[in-house]
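The values are calculated or read from the model by the stated rules, or taken from the named source; none is laboratory data. All values derive from a computational prediction rather than experimental measurement. As a convention, Cβ positions derive from the backbone with ideal geometry for all residues, glycine included, and neighbour counts pool all protein chains shown. Side chains are part of the model used for accessible areas, which takes the heavy atoms of the whole protein and leaves out ligands, DNA and RNA. Shrake-Rupley method; radii C 1.70, N 1.55, O 1.52, S 1.80 Å.
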Amino acid sequence: MAIYAIGDVQGCYDDLLRLLDRIAFDPATDYLWMAGDLVNRGPKSLEVLRFVKSLGERAVTVLGNHDLHLVAAHASGIVHKKDTFRPVLEAEDADELIDWLRRQPLFHTNGEFCLLHAGLPPQWDLEKTQAMAALAEQVLQGDDYRSFLQEMYGNQPNLWSDDLEGVPRLRFIVNCFTRMRFLDAEGRLDFTHDGRPGSQPPHLMPWFAAPNRKNADLRIVFGHWSQVGYYEGHNCYGIDTGCLWGGQLTALRLGDPVESIGIDCPGYRRPGKAYSDAAGVI
């Protein structure tokens, strides 16, 4: 048995199949941990969703910002010009796929490794992380999830406080798990810089480099930050290696030691800030 964590696929279905062939993935014995952003920007989001869903308990996927963006588009009927998941919304099984997607977790752990899409604020330990994930998951999986989706987008609040309640608390939770990259020394999230570490202003740092991080003892596998590329450090493993941009799609075999396996990808978008909209999906 093996557990493989796979970085952001973003609709690159053919590359996913090539990577699974490269690692000789066996759904009878092996497990996949998908680091979120199964969909959007790439050409085959529908095929990716159907495939990962078909694996049942052999696959765990955490929600990324583009996954939530798809759920929100399905709820609102609003599709932005550069979104490439319209085939999902027009599919006969669209309702079934979206219902499955919104019921996926924001955070997963097997007691040895942890999986999330973007990052964690330095104020959260494991217990707080699990509690905050469960709180947001309960809302996203509930009957009234559309109400929260209307309030989900936004960059505030940007600093954790136990006094946060309601929508502001939920928005902060979702932004941490699905959008964060840089923060300042006090733990304020910054959404204006998304380049590689070292390109940010001096008062900012990558979330995983924050001092006195209460989750520093967790072995965290994350995606979301393609400009970091493959990363090992601070007890964290970054596995978004830019498949969409002509980089690689990476599988991380979880164990001691971990082993990374990547395949070169043709790319479907040019590098750079190729996608943004008023909703703040980056």
Q) So how many residues does the stretch 176-226 have that are on the phi < 0 side of the Ramachandran plot and either assigned to a loop (DSSP other than H, G, I, E, B) or modelled with pLDDT under 95 (or both)? A) 30
Q.
I'd like to check something: does the stretch 215-229 contain any residue that is over 19 Å from M34 (Cβ atoms), out of contact with any helix residue (DSSP H, G or I) (no Cβ under 9 Å at 6 or more places or on another chain) and either small (G, A, S) or in contact (Cβ under 8 Å) with a residue 40 or more places away in the chain (or both)?
A. no
(Q) Test of understanding: among R181, R146, which residue is under 26 Å from L244 (Cβ atoms) and of a type in the set (D, E, K, R)? (A) R181
Q) Quick check, is A5 open to solvent by less than 40 Å² (accessible area, probe 1.4 Å), touching a strand residue (DSSP E or B) at 6+ places or on another chain (Cβ under 7 Å) and not in a loop (DSSP other than H, G, I, E, B)? A) yes
Q. Can you find even one residue in the stretch 65-81 that is surrounded by 24 or more Cβ atoms within 10 Å (Cβ to Cβ) and either in a loop (DSSP other than H, G, I, E, B) or among the small types (G, A, S) (or both)?
A. no
(Q) Which condition from (1) more than 24 Å from G111 (Cα to Cα); (2) open to solvent by less than 30 Å² (accessible area, probe 1.4 Å); (3) touching a Leu at 6+ places or on another chain (Cβ under 9 Å); (4) not β-branched (V, I, T) is the one that F222 breaks? (A) (1)
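Among the candidates L120, L149, single out the residue that is outside any loop (DSSP other than H, G, I, E, B), open to solvent by less than 60 Å² (accessible area, probe 1.4 Å) and in contact with a helix residue (DSSP H, G or I) (Cβ under 9 Å, 6 or more places away or on another chain).
Details: L120 fails: outside any loop (DSSP other than H, G, I, E, B).
It is L149.
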Q: Select, from L249, L244, the only residue that is assigned to a helix (DSSP H, G or I) and open to solvent by less than 30 Å² (accessible area, probe 1.4 Å).
A: L244
**Q.** Failed item, numbered, when G36 is tested on (1) in contact with a Ser or Thr (Cβ under 7 Å, 6 or more places away or on another chain); (2) farther than 24 Å from R253 by Cβ
**A.** (2)
Q) In the stretch 170-182, is there at least one residue being over 18 Å from the mean Cα position of the chain (by Cα), without any contact (Cβ under 8 Å) to a residue 24 or more places away in the chain and open to solvent by 20 Å² or more (accessible area, probe 1.4 Å)? A) no
Q) Between residues in the stretch 17-38 that are β-branched (V, I, T) and residues that are open to solvent by 10 Å² or more (accessible area, probe 1.4 Å), which pairs lie under 7 Å by C-beta distance while being six or more apart or on different chains? A) I23/Y4; I23/I261; T29/M1
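Residues checked against (1) of a type in the set (V, I, T); (2) touching a strand residue (DSSP E or B) at 6+ places or on another chain (Cβ under 7 Å); (3) over 24 Å from R269 (Cβ atoms):
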{"residue": "V62", "(1), (2), (3)": "yes, yes, no"}
{"residue": "H66", "(1), (2), (3)": "no, no, no"}
{"residue": "L70", "(1), (2), (3)": "no, no, no"}
{"residue": "G77", "(1), (2), (3)": "no, no, yes"}
{"residue": "A91", "(1), (2), (3)": "no, no, no"}
{"residue": "E96", "(1), (2), (3)": "no, no, yes"}
